[in-house]
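Worksheet: one structure, shown below.
Coordinate-derived values only; no laboratory data. Being a predicted model, the structure only gives us computed values, none of them experimental. Because the Cβ atoms are built from the backbone with ideal geometry, glycine has one as well, and the counts that use them run over all protein chains shown.
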Amino acid sequence: MRKYPKTEKYDKNWIKENQMGPNPIILMEELCYNLDLHPGMKVLDMGCGKSLTSIFLAKEYGVTVFANDLWINPTDNLKRFVEAGVTDKVFPIHAEAHSLPYANGFFDAAVSIDSYHYYGADEYFFPMIYSKLVKPGGQFGIVCPGFTQEYDNGFPDNMNELFGNDMFTFHSKNWWQKLWGKTGIVEITACYNIENAHEVWLDGVEKGEEFIHADKDKVVTLVVMAAVKKGHRKNVYDICE
Ligand SMILES: C[S@@+](CC[C@H](N)C(=O)[O-])C[C@H]1O[C@@H](n2cnc3c(N)ncnc32)[C@H](O)[C@@H]1O
């Protein structure tokens, strides 16, 4: 498995207690290999859950993070920011993906770990909503559970049992690349299946053993995709309409 030296600094029990899927900090460190983040940048952490990744981004990259989630109470996230000492850099926001409270062109980057597939796997969301939030030249990054191929006639045995209806949102890397690429809004800078996805998945997730057993053919993977928004803006108002 690839090395994740930044992730190693974090307490494994803290990660296990707060992760809502496969080790989100590893996935964010993997994604960040494909991004160029600098202190002071404004970053949307979309579907941050219990905000492990938001804390990680603030601490490791010095960026200002808007920790946006739906299912998790923002006051509980704030408690985690207080404990981590990042309240000056991370802001807890409760908002649904289709009614986000941000100005167009506000963010330098928008990232999302194990979440984007819930609301972004349609033709409309990226061009009409999500892409507008980031300034021209800004960056996007997602890591989503996916399949190594597309399925046209039903899914492999056990997938429904294991992932429930979520499996309908699982797609191949080529499918994701096309979804964003065809909009012409971004240049895709990376799109690949994470190396040793099963090992990463096993790293602390309760269903790990069951998952390995069910996915004999290793069709389940974790898709990493990064992109840069095309264009250059002249000033802050010259944006994203
Ligand atoms: C599997 S959890 C992953 C959370 C976190 N990124 C992690 O890896 O631990 C998916 C997250 O996506 C968020 N989410 C799902 N649908 C959403 C929507 N329509 N709008 C905003 N967030 C959404 C949920 O609130 C949830 O915390």
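Shape call for segment 1-67 from the C-alpha gyration tensor, a ≥ b ≥ c root eigenvalues: rounded (a/c under 1.5), prolate (a/b greater than b/c) or oblate?
oblate
Kirkwood hydrodynamic radius (Cα pairs, Å) of the chain?
With all distinct Cα pairs of the chain included, I get 18.2 Å.
Please return the longest range in the chain lying between exposed loop sites, taking chymotrypsin sites (Phe, Trp or Tyr not before Pro), DSSP loop only, at most 13 other beta-carbon atoms within 10 Å, and leaving the sites out.
Longest site-free region, per DSSP loop and neighbour criteria: 125-236.
So how much slack lies between Ala214 and Tyr151, counting 0.36 nm per residue of separation and subtracting their Cα-Cα distance, in nm?
Separation in residues times 0.36 nm, less the Cα-Cα distance, equals 21.0 nm.
Exceeding 27 Å between C-alpha atoms, which entries from my cross-link table qualify? They are Lys3/Lys173; Lys12/Lys173; Lys6/Lys42.
The pairs that break the limit, which is 27 Å between Cα atoms, are Lys12/Lys173.
Taking DSSP loops as anything outside H, G, I, E and B, show the longest stretch in the chain free of trypsin sites (Lys or Arg not before Pro) there with at most 15 other beta carbons within 10 Å.
Value returned for the longest uninterrupted segment is 4-181.
Can you grab the distance from the C-alpha centre of segment 1-56 to the C-alpha centre of segment 86-148, Å, no decimals?
About 15 Å separates the Cα centre of segment 1-56 from the one of segment 86-148.
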